[in-house]
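Structure record follows, encoded as C-alpha cells.
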Amino acid sequence: MSGGAAVSGSSTRDPGTDRLTVVMYGAFLLLLGASLLRYLLRHGDSDRAGWVIGLSLALALAQLPELPWLRTGSRPVRVVRLAVVAWLWAVLVLLAPSFAWCAVPLIYTALRTLPARAAIPLVIAMTALVVYSEEKLTGLDPVGLIAPPAVAGLATVVFLQMERQAERQRALIEDLVSTRTELAATERREGTLAERQRLAIEIHDTLAQGLSSQQMLLQAADRTWDSDPATARSHVHTAASIAARNLAEARRFVRDLAPADLADGTGLDQALRILAERETAESGLTVRCHLDGTPVPLPDAVQSALLRIAQGALANVREHAGARTAALTLSYLGDQVVLDIGDDGQGFGSPAESEPESEGRGHGLPAMRARVRQLGGTLSVESTPGEGTVVTAAIPLEAP
C-alpha cells in the first residue's frame, strides 16, 4: 500500500471487516473494563478515581460509533473522533498506567481510519506511551521494553498485509464484474447478429421468393394483356394465390411456426409433392418428386429445414438455371435423410458462379448451408456447364 493511500476508504461494506470491527470493539471493552477494575481494586480511594471512571466511560462512548451499524460521518469526522479517542486514552494512561493495553484495539482503529503514512506515526507514539506506562508499573523490565513494540509492529504488519490482500481482491472482483458485463454485451451483440441472419434467411426463403414469382407473373400478364387476355388473367390469378400463400407464410413467420405446407400435420414427403405441383403450375418448370426408402418420423426442425432448402433451390433453378425440368428426391437412409434437387439447366463451371452477386441476391446457397449446419448436416453442390446442377442436403438422424 502506498504511503498516501487510505487504508480503509472504500464505500462498500465488507462483512469480514465488519465482523473484525465488532470483535475489536468487544476486546476493547474487555480490556477497558479489566483496567478499570484493576485500578479501582488498587486505588479505589484515590482522588483520581472519579476522573478515571469518567474518562473510561467517555472513551467507551467515543469508540462506540466505530461499530458497523453505528458508523456515521465522513472521513474528516472519523479522523476528529479518532483524535478524541486517542487523547482520552492518553490521559487515562497518564492517570493510570494499567490502561495502556487498551492500545491494541485502538491501533486497529487508527490503521483503519488514517492513511498508512499518518497511521504509522500515531501507532509509534501510542507504543511509546505504552512502554512509558510499563516502565512506571514494573520498572526497567526488558519484557516491558520489547513486548509493546513487538506487538504493535506485528499488528501493524498483519493489518496492512490484510488490507493489501483485500484491495487486490476488490480489484479482481471489479475486473470480473467488468468482464462479465462485457461478455454479456458481446453475447447480446452475437444474438442480435444471429437473429438478423435467421430473419434474412427466412425472408429470402419465403417472402422474397414469393415476391419474385409474383413479379415474373405480373410482367408476363402485362406482355399478354392485349393479345391474350385469358392468359393474362390466369397469370394475375396465380400471382394472387402466391400473395395469399405469402401472407400465410408471413403470419406463421411472425409467430415462428412451421412453413404453411407443413401445417395440419402434413409430412415432408407430401409437402414436397405439393411444392412440386405448385411450382409446375405457376412457373412452367416441370418438377417431379420422388421418394426412396421407408419414411420415418422426422423432427419438425428437420422437416422445416429441408422444405425451405427445396424452396430455395427451386427458386435458383427458376431464376438462374434456364432449366426445363427439375426433380426433388427425398431418401431415407437409416441414419440420415437426404434431399436431392436436380435440374437440366445450364449449370456452372466454378463454385463462385453458384451464388449470384447481383443486387438483392446471393442468400440462396448460404441460407441452405446455414440451415443444414445448424442440424449437423452437410450441403453439396455438383454442376457441369450445360449438364445441370444437383444440390444435396444430408441431415443425420438421431438413433432411436
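I'm checking my understanding of the structure. Among residues of the range 321-349 that are open to solvent by less than 10 Å² (accessible area, probe 1.4 Å) and aliphatic (A, V, I, L, M), which one is nearest to GLU387 (Cα to Cα)?
Only one residue fits best here, namely ALA326.
Considering only residues of the range 269-309 that are more than 25 Å from GLN214 (Cα to Cα) and in a helix (DSSP H, G or I), which is least open to solvent (accessible area, probe 1.4 Å)?
The extreme case among them is VAL302.
Out of the residues in the range 209-231 that are among the hydrophobic types (A, V, I, L, M, F, W, C) and within 57 Å of the chain's Cα centre (by Cα), state the one that is most open to solvent (accessible area, probe 1.4 Å).
Within the range 209-231, the match that is most open to solvent (accessible area, probe 1.4 Å) is LEU211.
Among the numbered criteria (1) at pLDDT 85 or above; (2) surrounded by 14 or more Cβ atoms within 10 Å (Cβ to Cβ), which single criterion is violated by LEU172?
Going through (1) at pLDDT 85 or above; (2) surrounded by 14 or more Cβ atoms within 10 Å (Cβ to Cβ) one by one, LEU172 breaks only (2).
Give VAL158, VAL177, VAL131 a once-over and let me know the one that is part of a helix (DSSP H, G or I) and modelled with pLDDT of 85 or more.
From the options VAL158, VAL177, VAL131, the qualifying one is VAL177.
What single numbered condition from (1) over 26 Å from THR238 (Cβ atoms); (2) part of a helix (DSSP H, G or I); (3) modelled with pLDDT of 85 or more fails to hold for GLU353?
Tallying (1) over 26 Å from THR238 (Cβ atoms); (2) part of a helix (DSSP H, G or I); (3) modelled with pLDDT of 85 or more, GLU353 fails exactly one: (3).
Do you know which residues across the range 361-395 are in contact with a Leu (Cβ under 6 Å, 6 or more places away or on another chain) and open to solvent by 30 Å² or more (accessible area, probe 1.4 Å)?
ARG369
Tell me, which residue of the range 37-55 that is in a helix (DSSP H, G or I) and free of Cβ contacts under 8 Å to residues at least 40 places away in the same chain is most open to solvent (accessible area, probe 1.4 Å)?
ARG42
Which one of the conditions (1) over 47 Å from the mean Cα position of the chain (by Cα); (2) open to solvent by 80 Å² or more (accessible area, probe 1.4 Å) does GLU135 fail to meet, given that it meets all the rest?
(2)
Taking the condition at negative phi and either at pLDDT 80 or above or open to solvent by 80 Å² or more (accessible area, probe 1.4 Å) (or both), does LEU31 pass?
yes
Residue-by-condition table, conditions (1) over 48 Å from the mean Cα position of the chain (by Cα); (2) assigned to a helix (DSSP H, G or I); (3) not β-branched (Val, Ile, Thr):
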| position | (1), (2), (3) |
| --- | --- |
| VAL79 | no, yes, no |
| LEU82 | no, yes, yes |
| LEU94 | yes, yes, yes |
| ALA103 | yes, yes, yes |
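Filter the range 279-319 for residues that are charged (D, E, K, R) and more than 20 Å from ARG373 (Cα to Cα) and give the result.
GLU279, GLU282, ARG288, ASP292, ARG318, GLU319
What is the residue count in the range 210-235 for residues that are among the hydrophobic types (A, V, I, L, M, F, W, C) and in a loop (DSSP other than H, G, I, E, B)?
1
State all residues of the range 367-392 that are part of a strand (DSSP E or B) and hydrophobic (A, V, I, L, M, F, W, C); if no residue qualifies, say none.
Selection gives LEU379, VAL381, VAL390, VAL391.
Out of the range 319-348, which residues are touching a residue at least 40 places away in the same chain (Cβ under 8 Å) and in a helix (DSSP H, G or I)?
Correct list: GLU319, ALA321.
Just for the range 91-106: of the residues that are open to solvent by 10 Å² or more (accessible area, probe 1.4 Å) and aliphatic (A, V, I, L, M), which one is modelled with the lowest pLDDT?
VAL104
Exactly one of (1) surrounded by 23 or more Cβ atoms within 10 Å (Cβ to Cβ); (2) within 21 Å of GLU387 (Cβ to Cβ); (3) modelled with pLDDT under 90 is unmet by GLY312. Its number?
With (1) surrounded by 23 or more Cβ atoms within 10 Å (Cβ to Cβ); (2) within 21 Å of GLU387 (Cβ to Cβ); (3) modelled with pLDDT under 90 applied to GLY312, the lone miss is (2).
Of all residues in the range 112-121, which are open to solvent by 10 Å² or more (accessible area, probe 1.4 Å) and closer than 18 Å to GLU66 by Cα?
The answer is LEU114, PRO115.
The values are calculated or read from the model by the stated rules, or taken from the named source; none is laboratory data. Quick caveat: nothing in here was measured; it's all calculated off a predicted structure. Ideal geometry is used to build each Cβ from the backbone, glycine not excepted, and the neighbour counts take in all protein chains shown. We work out accessible area using only protein heavy atoms, side chains counted, and drop any ligands, DNA or RNA first. Shrake-Rupley method; radii C 1.70, N 1.55, O 1.52, S 1.80 Å.
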